[in-house]
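Report on the following structure.
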Amino acid sequence: VSDHGRVGSITKSFTATVILQLAREGRLDLDDPLAPYFPGVQTNRATIRQALQLTSGIADYTTDSFLNALAIAPQRVWSPAELVGLVADEPPMFPAGTGWYYSNTNYVMLGMVAEQTTGQPLARLITERIFAPLNMTGCSFPDAADNAIPEPMSHGYMLSTRWDRPPTPPAPLPALVDVTDFNPSWAAGAGQAICTAADLVVWARALATGELLDPGMQSQRLTYYPTGDPHARYGLGVVDINGLVAGI
């Protein structure tokens, strides 16, 4: 439980919590449009709330071609603006608010909204607003150029570097690739954080109970939209899977 590891999309629940706190403080409104924050980007007339709920319809930059290119250059340092720029001119997937799609672009944009609103980097916001008050000392949000994980740490692996491989690879299986030191900046506010399992237990409790929010904002976080899977509904940075609330 003390090993550090990249927590991937659990980061979305951190980013969402910061946005909800800023809304509670009156520094933004969840129904504000994204457009003023992203001049020159196709924002599909979507709002901050729709980005939180993954109903914005904004195209996802993490396509198979992007991930395959990432595997070729795993140490590239990406800025959030570069990531959003990959889909700046892409047509929407659907009119905002009329569908649901798990697009990382939403949470990269939300991290940028938090930074523009406060004038502070997302790493500092998450650390000061979440990790510190909950004493999650094993968690961090590394600098974009930092691909290290604190010791003790666990390694992560994938089968080959082809993200578009068939779901059932032909025998023999591809070799395992250690992806532990891949630079995490390609995920930004959607997936850049590091934590221990022990700290994630603390976070799971705080997320479900609304410890860092007031009751009204927690109620909004737990207002769900259907995902198309009868067992899963998505809130504002949280998912309800058969009654289990998780941040992904």
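The values are calculated or read from the model by the stated rules, or taken from the named source; none is laboratory data. Nothing here was measured: the structure is a model prediction, and the numbers come from that model. So basically every Cβ, Gly included, is an ideal-geometry build from the backbone, and we count neighbours across all protein chains shown. For the accessible areas, the whole protein counts, side chains as well, though only heavy atoms, and no ligand, DNA or RNA atoms are used. Shrake-Rupley method; radii C 1.70, N 1.55, O 1.52, S 1.80 Å.
Details
- Criterion (over 23 Å from Phe182 (Cα atoms) and at pLDDT 95 or above) met by exactly one of Ala96, Ala171: Ala96
- Residue match in the stretch 97-114 (condition: open to solvent by less than 60 Å² (accessible area, probe 1.4 Å), free of Cβ contacts under 8 Å to residues at least 40 places away in the same chain and in a loop (DSSP other than H, G, I, E, B)): no
- Failed item in (1) in a helix (DSSP H, G or I); (2) in contact with a helix residue (DSSP H, G or I) (Cβ under 6 Å, 6 or more places away or on another chain), with Gln50 passing the rest: (2)
- Options Arg233, Arg162: the member that is modelled with pLDDT of 95 or more and either of a type outside the set (A, V, I, L, M, F, W, C) or part of a loop (DSSP other than H, G, I, E, B) (or both): Arg233
- Residue in the stretch 1-30 that is most open to solvent (accessible area, probe 1.4 Å), counting only those that are of a type in the set (Ser, Thr, Tyr) and in a helix (DSSP H, G or I): Ser9
- Among residues that are over 19 Å from the mean Cα position of the chain (by Cα), open to solvent by less than 40 Å² (accessible area, probe 1.4 Å) and not basic (Lys, Arg), Ala88 is not included.
- Per the conditions (1) closer than 26 Å to Cys139 by Cβ; (2) in a helix (DSSP H, G or I), the sole criterion not satisfied by Gly216 is (1).
- A Cβ distance below 9 Å, combined with a sequence gap of six or more or placement on separate chains, defines the contacts here; from the stretch 165-186, residues that are over 28 Å from Val108 (Cα atoms) reach residues that are modelled with pLDDT of 80 or more and open to solvent by 90 Å² or more (accessible area, probe 1.4 Å) in the pairs Leu176/Tyr157.
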